Structure formats: structure tokens, C-alpha cells
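K.L.:
What follows is a single structure, and I will ask about it in a moment.
Read-outs throughout are calculated quantities, based only on the coordinates presented, and are distinct from any laboratory measurement. Worth saying up front: this structure is predicted, and the values here are computed from it rather than measured. Here the Cβ positions follow ideal geometry from the backbone for every residue, glycine too, while neighbour counts run over all protein chains shown.
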Amino acid sequence: MGRICSICGKAQISGNNVSHSNIKTRRVWKTNVHKVKVTLPSGEVKHQYICTRCQRTLRKQSV
């Protein structure tokens, strides 16, 4: 299981670290995902990996 959000599909991205002397080395930014219980539209409760942005949106919709 990779670090991929099951709602929006957000995954890790890659880029460069750039030092003061302008030397570039590869690096990755990993997504901030958590395993949470989600109630599906069918009424079923499942554990899914969800990014924090989607968690915030879901919490705002439920209030």
C-alpha cells in the first residue's frame, strides 16, 4: 500500500533540493495520509487512507 489518498488520489511528488551553492539533488515530498474509518454511501464502514486535506473537507461537510 503506497501513500496514496483513496479520495483525491494525491501521491508523493518529486523534485530537487537546491543548496546554497546551487547543487541539485533529488528528493520526494510524501503525502500526509492517515488510516481512518470512513462511512461509504452504501452505509458500510471501511478503513481507508485519507490525506489531511480530505479529512478536513469531510469534517466540514458533516457539521
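K.L.:
Could you check the stretch 13-49 and list, in sequence order, the residues that are outside any strand (DSSP E or B), in contact (Cβ under 8 Å) with a residue 24 or more places away in the chain and in contact with a strand residue (DSSP E or B) (Cβ under 7 Å, 6 or more places away or on another chain)?
P.N.:
Taking the stretch 13-49 first, the residues outside any strand (DSSP E or B) are 19-23, 30-32, 40-44.
This time we only want the ones that are in contact (Cβ under 8 Å) with a residue 24 or more places away in the chain, so: 30-31.
Within the stretch 13-49, T31 is the sole residue that qualifies.
K.L.:
Can you work out which of the residues in the stretch 25-45 that are over 17 Å from the mean Cα position of the chain (by Cα) and of a type in the set (D, E, K, R) is surrounded by the most Cβ atoms within 10 Å (Cβ to Cβ)? Quick ask: steps written out before the conclusion?
P.N.:
We begin by selecting, within the stretch 25-45, every residue over 17 Å from the mean Cα position of the chain (by Cα); these are 25-27, 39-45.
Within this subset, residues satisfying the condition of being of a type in the set (D, E, K, R) are 26-27, 44.
Details: R26: 8, R27: 11, E44: 8.
Only one residue fits best here, namely R27.
K.L.:
Among (1) loosely packed, with under 10 Cβ neighbours inside 10 Å; (2) touching a strand residue (DSSP E or B) at 6+ places or on another chain (Cβ under 8 Å); (3) β-branched (V, I, T), where does T52 come up short?
P.N.:
Of (1) loosely packed, with under 10 Cβ neighbours inside 10 Å; (2) touching a strand residue (DSSP E or B) at 6+ places or on another chain (Cβ under 8 Å); (3) β-branched (V, I, T), only one is false for T52: (1).
K.L.:
A further question follows. Across the stretch 1-46, what is the total count of residues that are under 21 Å from T57 (Cβ atoms) and of a type in the set (V, I, T)?
P.N.:
Of all residues in the stretch 1-46, those under 21 Å from T57 (Cβ atoms) come to 3-13, 29-46.
Narrowing further to those that are of a type in the set (V, I, T): 4, 7, 13, 31, 33, 36, 38-39, 45.
Counting residues in the stretch 1-46 that are under 21 Å from T57 (Cβ atoms) and of a type in the set (V, I, T) gives 9.
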